[in-house]
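Everything below concerns the one structure shown next.
The values are calculated or read from the model by the stated rules, or taken from the named source; none is laboratory data. It should be emphasised that the depicted structure is a prediction, and the values quoted were computed from it without experimental measurement. All Cβ positions, even for glycine, are placed from backbone atoms using ideal geometry, and neighbour counts span all protein chains on display. Protein only, heavy atoms only, side chains kept; ligands, DNA and RNA dropped before computing areas. Shrake-Rupley method; radii C 1.70, N 1.55, O 1.52, S 1.80 Å.
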Amino acid sequence: MRKLLFGTFVVGLVILGVLAQLGSYLLALTSTAAELQATVNHIGPFATSGPHTVGVRRLTVDEAPIPMTVWYPAVVQAIGVPSLTYSYAINMLGPNSSITLATYKGRAEPGATPDMTQGPYPLVVLSHGFAITSSSYAWLAEQLASHGMVVVSPLHREYLDPGVLWRSTVTRPKDILTVLAYVDEEVKSGGELEGLIDVATVAVVGHSYGGYAALAAAGARMDTGAFTAACETAYTSNDPVVFLCDALVPHLNDVAELAGLDSRPTELWPAWTDGRVDAVVSLAGDAVMFGGPGLAELVVPVMAIGGTADTDSPFMWGTGLTYNHASSSRRAEVALEDAAHLIFAGECDNVRRIMTLASLGFCSDPAWDRDRAHDVVKYYVTAFLRSELKRDHQAAAVLALDDHRFPKVRYRAVGY
Amino acid sequence: MATAKSERSDTRGTGAQATTTTKTRLKRLTRIAGILYLAIFVLYPLSTSVRSTLVVPGDAATTVQNVVANETLFRWGMAGEATIFLIEIVLAGVLYVLLRPVSRWMSLAAALARASEGVVMAAANLFTSILTLVVVGGAGYLAAFDTEQRDALALLFQDANEIVILLWGLFFALHLVLLGLLVYWSQFFPRILGILLMLAGVGYFAQSFGTVVAPGLAGVLSTGVLVLAIPGELVFALWLLIRGVDMDKWHTRALEAIESQL
């Protein structure tokens with residue numbers, strides 16, 4: 001009996017040890033080919049960095065109402081300043097418990113002095129994807145800051161639990177409004193952002209559920225009737241959007257209560273917008289909860305970009321729906337053919353080793369090279385925001401082109 | 001005459017009893033060594049996993065955010081590392097006694113190398129983590145640094161920790177090579193165990209020197225050390241636990257060593 005117990009103990013210890021060693025090995029970060037090949041932007045001026053040097057500051061809850069990261073044009077930094085590393089991370093177990101999936105190089109200088117000589121700059125509020133961190137979108141934020149915009153990305157307090165997604169339906173648009181109110185205060189004399197931001201010129205950009213939040217903050221309104229009808233259609237055809245239906249439809253009363261409404265609206269919900277928003281960009285943004293009537297409330301210029309193979313925010317229920325139903329006189333749609341949902345998230349210079357062995361979808365896409373896709377996104381988003389926020393005619397001309405300059409990209413627009 | 005015969009009989013009796021006691025103690029010692037080895041085999045990857053999950057190379061802000069949000073986990077990781085240091089010291093002593101009959105000086109050198117590894121681990125790994133905790137702790141005087149500077153400082157200590165691993169790796173590599181030689185020459189362990197341990201030592205040497213000389217190969221070298229070290233150390237630990245040493249041969253080598261005073 002003692003021998004059996006001892007044997008079991010030893011075998012258990014060995015199995016535990018082997019598993020621990022294996023886990024430790026597989027969870028270590030390792031470089032990928034992407035790190036070795038510097039990204040080369042071949043596709044046009046708006047895909048490359050702009051003329052501004054970029055600074056970055058992270059504001060904690062001690063400094064701002066919600067944690068946020070700010071990218072801004074900065075004075076020329078000292079030569080030889082090492083590049084910054086960003087994490088592409090997901091809050092797995094709690095709002096403060098992020099797991100880094102990959103890391104990538106940035107070029108912003110932490111805490112650099114803002115370049116006030118060419119300010120104030122337009123404001124871009126960047127809303128990250130559900131449970132994904134702000135730094136996962138630094139590749140886009142740095143790009144926009146280098147083109148003379150101040151990008152503020154609030155850290156929405158949530159983690160990867162579809163059971164609480166309904167809360168974000170309310171808290172995310174509110175977070176965006178909180179950022180705008182905070183910036184309003186801080187640009188005043190003596191504030192942290194004094195003179196840096198032109199609070200009258202604002203755009204909202206978001207990915208996935210951040211795309212929903214951006215559309216809501218820009219004027220789109222939820223519509224119970226349209227949403228539930230879309231979900232009924234989705235259930236009969238087993239459409240991937242049923243994931244969102246399952247997460248939200250049973251909680252619509254809770255959403256209404258959290259939003260401070262007396263009861264759940266049967267059709268259009270009240271707007272959670274700020275009148276100063278001048279433009280909106282939705283990257284694989286969810287829009288099914290707005291439906292056609294809710295999106296028709298959107299009148300500011302909109303750009304919707306999505307992957308046609310996206311099963312998390314299916315193209316026809318997000319990007320396509322937005323473009324087809326927004327009332328905006330200027331709107332554009334960019335379809336990345338066969339791209340999946342997370343193509344818009346962080347770059348992947350170094351990844352957890354397990355991700356090189358098994359395709360988990362975080363850093364791999366079935367049809368697209370990640371850097372190439374990011375170049376296309378940078379190109380269109382930069383051109384759109386330069387056109388809308390800075391009245392850049394060259395950028396507007398790019399948006400008016402009805403050409404097929406990029407393989408595997410379908411582009412259409414009206415109003416340019 | 002009768003008295004002399006009786007004295008010889010007593011001497012034989014005492015000798016036989018001593019051998020039995022020695023065997024029992026030897027068996028216990030090998031088991032202790034095996035269990036300690038296995039404990040390190042389990043604890044080390046668990047402790048380092050905590051660190052590698054929370055610390056993001058190059059990303060100071062995320063690292064600090066992770067450490068602050070998961071301070072208890074970070075401290076458990078430190079506790080795991082501290083336990084390893086203590087086990088290393090005890091294991092160094094146990095292995096010294098087990099292999100002393102082969103070569104006293106070499107066994108002592110191997111034990112000193114292992115003990116040094118433990119001390120360097122304790123002084124550096126644990127210390128860098130304590131400093132990280134101090135920096136993220138929010139003491140008033142740290143207001144002299146702005147947030148970005150504090151974040152950078154916290155990551156600096158964790159980066160230093162990565163270098164320190166290469167330092168104690170040198171001591172550990174030396175220990176494994178010497179241990180491998182002792183096992184190979186011992187006659188009371190299979191020679192293949194000695195070869196496997198020496199290979200493990202070569203792996204650690206390659207990692208420590210190689211990463212310093214060619215940092216670009218760090219990933220390959222860390223994989224290499226895993227492939228080379230795990231079989232040797234795991235098989236040795238299991239052998240100690242399950243088979244132990246060949247008692248008679250150990251005893252013979254012990255007597256030879258006493259005679260030769262080496």
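Some observations on this one:
- Segment A:262-298-segment A:173-219 distance, computed between alpha-carbon centres (Å): 17 Å
- Modelled FRET efficiency - R0 56 Å, B:ARG104 with B:LEU142, Cβ distances, 0.05 increments: 0.60
- Those residues of segment B:30-54 whose amide nitrogen sits under 16 Å from the label point placed on A:ILE15, 7 Å along Cα→Cβ: B:42
- Mean separation of Cα pairs under 8 Å and 6 or more residues apart, divided by the residue count, gives chain B a relative contact order of 22 percent.
- Interface residues, segment B:122-151 - accessible area loss of 20 Å² or more versus chain alone, probe 1.4 Å: B:THR147, B:GLU148
- Shielding of B:234-245 by partner chains, average beta-carbon count, 10 Å: 2
- Surface share of carbon and sulfur [accessible, 1.4 angstrom probe, percent] for the protein assembly as shown: 62 percent
- For A:GLY361, the amide hydrogen comes within under 5 Å of no other amide hydrogen, counting only partners 5 or more places away or on other chains and with H modelled in the peptide plane.
- Size of chain B: Rg and Dmax of its alpha carbons, in Å, are 23.2, 93.
- Length released on extending from A:LEU360 to A:ILE43, taking residue separation times 0.36 nm less the Cα-Cα span: 111.3 nm
- Label-point gap, in nm, between B:LYS27 and B:VAL212 - each point 7 angstrom along Cα→Cβ: 4.6 nm
- Degrees separating the helix B:60-69 axis from the principal Cα axis of chain B, which is the longest one: 70 degrees
- Chain A contacts chain B over a buried accessible area of about 2600 Å², both sides summed; the probe is 1.4 Å and only protein chains count.
- In angstrom, the C-alpha Rg and Dmax of segment B:62-125 are 16.4, 53.
- Average partner coverage of B:48-58, which counts Cβ from other chains inside 10 Å: 6
- Largest GNM mean-square fluctuation across B:ALA160, B:ALA152, B:ALA69, computed for chain B with C-alpha springs under 10 Å, falls on B:ALA69.
- Accessible area expressed per residue, chain B, with surrounding protein chains retained (probe 1.4 Å, Å²): 48 Å²
- Accessible surface, 1.4 Å probe, highest first, among residues A:HIS325, A:HIS393, A:HIS128: A:HIS393, A:HIS325, A:HIS128
- Cα shape, segment A:290-337, gyration tensor, a/c 1.5 rule: oblate
- Relative to the longest principal axis of the Cα atoms of chain B, the long axis of helix B:2-54 lies at roughly 10 degrees.
- Solvent-accessible area lost in complex, 10 Å² minimum, residues of segment B:62-105 relative to chain alone, 1.4 Å: B:THR62, B:GLN65, B:ASN66, B:ALA69, B:ASN70
- For A:LYS408, the aspartates and glutamates whose Cα comes closer than 14 Å to its Cα, not counting residues fewer than 8 places off in the same chain, are A:GLU333, A:GLU337, A:ASP338, A:ASP365, A:ASP369, A:ASP375.
- Residues with amide H under 5 Å from that of A:THR30, placed H, sequence gap 5 or more: A:VAL351, A:ARG352, A:ARG353
- Look at where the Cα atoms of segment A:118-145 and of segment A:348-396 average out, and the two centres are 13 Å apart.
- Chain-alone versus full-assembly comparison, segment A:1-15, residues with accessible loss of at least 30 Å² (1.4 Å probe): A:PHE6, A:VAL10, A:LEU13, A:VAL14
- Summing charges over neighbours of A:TYR212, with a neighbour being any other residue whose Cβ is under 11 Å away from its Cβ, gives 0 when K and R count +1 and D and E count -1.
- Partner lysines whose Cα lies under 16 Å from the Cα of B:LYS23, excluding those fewer than 8 positions away in the same chain, are identified as B:LYS249.
- Helix runs (DSSP H) in chain A reaching 27 Å along axis by Cα, Kyte-Doolittle at least 0.0: A:2-27
- All Cα pairs of segment A:154-246, percent lying beyond 17 Å: 60 percent
- Mean sequence separation of contacting Cα pairs (under 8 Å, at least six apart), scaled by the length of chain A, corresponds to a relative contact order of 17 percent.
- Highest average packing first - A:285-297, A:103-115, B:241-253, Cβ atoms within 10 Å: A:285-297, A:103-115, B:241-253
- For segment A:32-414, the gyration tensor built on C-alpha atoms gives a rounded shape. Its axis ratio a/c (a ≥ b ≥ c) stays under 1.5.
- Once the 1.4 Å probe is applied to the protein heavy atoms, chain A comes out at 39 Å² accessible per residue.
- With θ taken as phi - 60° and the Karplus curve 6.51 cos²θ - 1.76 cosθ + 1.60 applied, the whole-hertz 3J(HN,Hα) list for segment A:315-331 is 3, 5, 9, x, 4, x, 4, 4, 5, 6, 10, 5, 8, 3, 6, 10, 8 Hz, x standing for glycine and proline.
- Chain B: angle of helix B:247-260 to the longest principal axis, Cα-based, in degrees nearest 10: 90 degrees
- Extending 7 Å from Cα along the Cβ direction at B:GLN149 and again at A:THR117 yields two label points whose distance is 2.6 nm.
- Hypothetical label at A:SER327: residues of segment A:284-320 whose amide nitrogen lies under 13 Å (7 Å Cα-Cβ projection): A:293-301
- Average projection area in nm² (convex hull over Cα atoms of the protein assembly as shown, one quarter of hull surface): 38.2 nm²
- Across A:LYS174/A:LYS390; A:LYS105/A:LYS378; A:LYS105/A:LYS188; A:LYS105/A:LYS174, pairs whose alpha-carbon gap is larger than 28 Å: A:LYS105/A:LYS188; A:LYS105/A:LYS174
- Phi angles of segment A:266-283 translate, via the Karplus equation with coefficients 6.51, -1.76, 1.60 and θ = phi - 60°, into HN-Hα couplings of 7, 10, 6, 8, x, 7, 10, 10, 10, x, 7, 5, 9, 7, 9, 10, 10, 9 Hz per residue; Gly and Pro are given as x.
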